[in-house]
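A.B. asks: Here it is, the structure, as structure tokens.
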Amino acid sequence: MPTAATNPAWTPAAYGAVLSPGRSFSHTELQAMSLDGVLEPVFGDAYVLSGTDIGPELRGQALALLTPAHLTGRGVACRLSAAWVYGCSRPPFAVSLLVDKGHRAGALPAGTGCILHEAKLSRFDVATIGTMPVTTPLRTAVDLALQVQTDDALQALRAMAADPLLNCPLGLVRQALEARGRVPHKHTALERIRLLLRFGDRDGD
């Protein structure tokens, strides 16, 4: 099995920008190269060449490589996992995957490091970032407000609203929440957005 030490001509292009166990190197070899400073982790067992600028595309590719095979292309990164892909949250403890209610997902194998959710998805709720289906910034922000009652979610909402490339100001998030029908936690989610807007996060108000 080639390694960076035995193959000086090794390049990311030869094996893919993001490496994970079983594709070109074993788990042990990847860890060894990380300890040697040749690679650096992106998330879990996904690595890139040290010094690589890790942006949304590479974070998305890392999640795609770590998604259980039976959910490839169907499991959509959501909530704090999606916020991390967009660069607005720290790496999640477990990958949150969303599957449309109209499709049977099946059980997750043990030890995947993933959490599965089911909800209604439209084609306007999903974008592909580095080969990984990810909820769009607006859908991600709405889900965070509705479903994740943590300080990390509030920080992610602030960061997403502050990034003009995501086009997801808090005022727009509030409008999207108000347009929802009767859904659990809607009132609480709106209160959270109003508080963020009141205490200085007034972009998009």
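The values are calculated or read from the model by the stated rules, or taken from the named source; none is laboratory data. The model shown is predicted, which means the values in this text are computed figures rather than measured ones. Neighbour counts run over all protein chains shown; Cβ positions are idealised from the backbone, glycine included. The protein model used for the area step is the full one, side chains on, heavy atoms only, and it has no ligands, DNA or RNA in it. Shrake-Rupley method; radii C 1.70, N 1.55, O 1.52, S 1.80 Å.
A.B. asks: Hey, could you get me the Stokes-Einstein D for the chain, Kirkwood radius over alpha-carbon pairs, 37 °C and 0.692 mPa s, rounded to whole µm² s⁻¹? Write down the numbers at each step before the final one.
C.D. replies: Details: Rh = 18.1 Å.
Estimated diffusion coefficient is 181 µm²/s.
A.B. asks: Turning to a different aspect of this structure: State, in angstrom, two size descriptors of the range 13-80 derived from its alpha carbons: Rg to one decimal place and Dmax to the nearest whole number.
C.D. replies: When restricted to the Cα atoms of the range 13-80, Rg and Dmax are 12.1, 36 Å.
A.B. asks: Could you look at the range 92-176 and say what percent of its accessible area is carbon and sulfur, using a 1.4 Å probe and all protein chains? It would help to have the intermediate numbers written out before the result.
C.D. replies: Details: 2380 of 4280 Å².
Carbon and sulfur: 56 percent of the exposed surface of the range 92-176.
A.B. asks: Rank these residues by their accessible area, most exposed first, probe 1.4 Å: 27, 117, 185.
C.D. replies: My answer, sorted largest first, is 185, 27, 117.
A.B. asks: For the ranges 92-100, 56-64, what's the packing order if you count other beta-carbon atoms within 10 Å of each residue, average per peptide, and put the highest first?
C.D. replies: 56-64, 92-100
A.B. asks: What is the range 98-155 by shape, rounded, prolate or oblate, if you read a ≥ b ≥ c off the alpha carbon gyration tensor as root eigenvalues and call it rounded for a/c under 1.5, prolate for a/b larger than b/c, and oblate otherwise?
C.D. replies: oblate
A.B. asks: Label the range 117-205 by shape, choosing from rounded, prolate and oblate, from the square roots a ≥ b ≥ c of the eigenvalues of the Cα gyration tensor; if a/c is under 1.5 it is rounded, and otherwise prolate applies when a/b is larger than b/c, oblate when it is not.
C.D. replies: Oblate.
A.B. asks: May I pose another question? Can you give the extra length, in nm with one decimal, that the chain gains between residue 178 and residue 54 once fully stretched, where that is 0.36 nm per residue apart less the Cα-Cα distance?
C.D. replies: Length gained, residue 178 through residue 54: 41.1 nm.
A.B. asks: Could you please report the charge total around residue 98, scoring K, R as +1 and D, E as -1 over all other residues with beta-carbon less than 12 angstrom from its beta-carbon?
C.D. replies: Result for the local shell: +1.
A.B. asks: Rounded if a/c is under 1.5, else prolate if a/b beats b/c, else oblate: with a ≥ b ≥ c from the C-alpha gyration tensor eigenvalues square-rooted, which is the range 147-186?
C.D. replies: oblate
A.B. asks: Given contacts defined as C-alpha pairs under 8 Å and at least six residues apart, what's the relative contact order of the range 34-129, whole-number percent?
C.D. replies: 22
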